[in-house]
Amino acid sequence: MAHSSPSFSASPGRAALLAEPSALHPALWRARSGPGASGGEGAVPSGFAALDAELPGGGWPVRVLTELLLPEPGVGEIRLLAPLLAGLAQAGRGVMLFDPPAEVNAVALAELGWPPGQCIVVRSCKPAMQPGPGGALKKPSLRRRGGGPGAELCWAVEQALRSGQAGAVLAWPGAAARPEVLRRLQLAAQGHEGPAFLLRELAAQSQPSPAPLRVVLQPAGGDELALQIVKRRGPAMGEPLRLALAPVLSERALAKARLLPVVAWRSAPATAPAPATTRRPFAA
């Protein structure tokens, strides 16, 4: 019995898809789009036009993980994210911080336009010591899947991403950012209607990661920050981008910072010190 072949003649619906393939699926991305072009996954403006021009989608992406790689906490990462987070918080969307490296300074956040009332800080549970054989103390084993240091924190981050209730998620996973953990977080982020950031040590740059966007941050003297996008959808980034951040340094500290050499970009060790600053906890 003869079988008729399906017809592939162009129809109005097919013609529309050919003209705009991103309508097929929100995660579809075309390499020729290049950085700064609007992407199917969506993006939120960073508040820095020069940075948006380099970010795929024209802003910080949603539904994926973004890794910020730092030589040390406090190089300006919070001021970099402040325009984004302030906008979300002012719209009534909570920003969740998991194990930040310092206490949150509500006054400093308010000065950055970030309502402290929309900031939710989650600290990982440190198991209490329990008596062991002979009276010795021992730590109870972690019951969460993937055990080990930081397992409960990463489990909480995963649940926050899956819940869909947070406007943005920031997490400092430390040594718990193992490959299998990162894969789970990336899968969870696909259902999160906002940006999700993992702030990791600079040494993690040499380790593979499922995060589609990875950005290295380095102090650039005074109230400035240098950024190098080391992984993104699209062509490799050329020269590092230098951004002026919201000023927080006193005149004396700023003058001292200007006398210090800017950290060499590619040869900087993971423990490279940042310029001397007058820091306010967690609002650097």
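Things to note:
- Scope segment 46-89; condition open to solvent by 30 Å² or more (accessible area, probe 1.4 Å), part of a loop (DSSP other than H, G, I, E, B) and free of Cβ contacts under 8 Å to residues at least 40 places away in the same chain; matching residues: ALA53
- Cβ-Cβ under 7 Å pairs, at least 6 apart or on other chains, segment 167-192 side β-branched (Val, Ile, Thr), far side outside any helix (DSSP H, G or I) and open to solvent by 10 Å² or more (accessible area, probe 1.4 Å): VAL169/MET96; VAL181/GLY146
- Residue in segment 3-20 that is farther than 24 Å from LEU187 by Cβ, open to solvent by less than 40 Å² (accessible area, probe 1.4 Å) and modelled with pLDDT under 95 present: no
- Tally of residues being crowded, with 23+ Cβ neighbours inside 10 Å and acidic (Asp, Glu) across segment 166-214: 0
- When GLY74 is tested against (1) touching a strand residue (DSSP E or B) at 6+ places or on another chain (Cβ under 8 Å); (2) farther than 16 Å from ALA166 by Cα; (3) at pLDDT below 95, just one condition goes unmet, and that condition is (1).
- In segment 101-113, the count of residues that are within 15 Å of the chain's Cα centre (by Cα) and open to solvent by less than 10 Å² (accessible area, probe 1.4 Å) is zero.
- Looking only at segment 232-248, and only at residues there that are without any contact (Cβ under 8 Å) to a residue 40 or more places away in the chain and not in a loop (DSSP other than H, G, I, E, B), the one that is least open to solvent (accessible area, probe 1.4 Å): ALA244
- Hits in segment 182-223 (condition: among the basic types (Lys, Arg) and under 12 Å from VAL157 (Cα atoms)): ARG184
- One residue alone among GLU201, GLU193 is modelled with pLDDT under 95 and acidic (Asp, Glu), and that residue is GLU193.
The values are calculated or read from the model by the stated rules, or taken from the named source; none is laboratory data. All values reported here derive from a predicted model rather than from experimental measurement. Heads up, the Cβs are rebuilt from the backbone with ideal geometry, glycines too, and the neighbour counts pull from every protein chain shown. Keep in mind that these areas ignore ligands, DNA and RNA; they rest on the heavy atoms of the full protein, side chains included. Shrake-Rupley method; radii C 1.70, N 1.55, O 1.52, S 1.80 Å.
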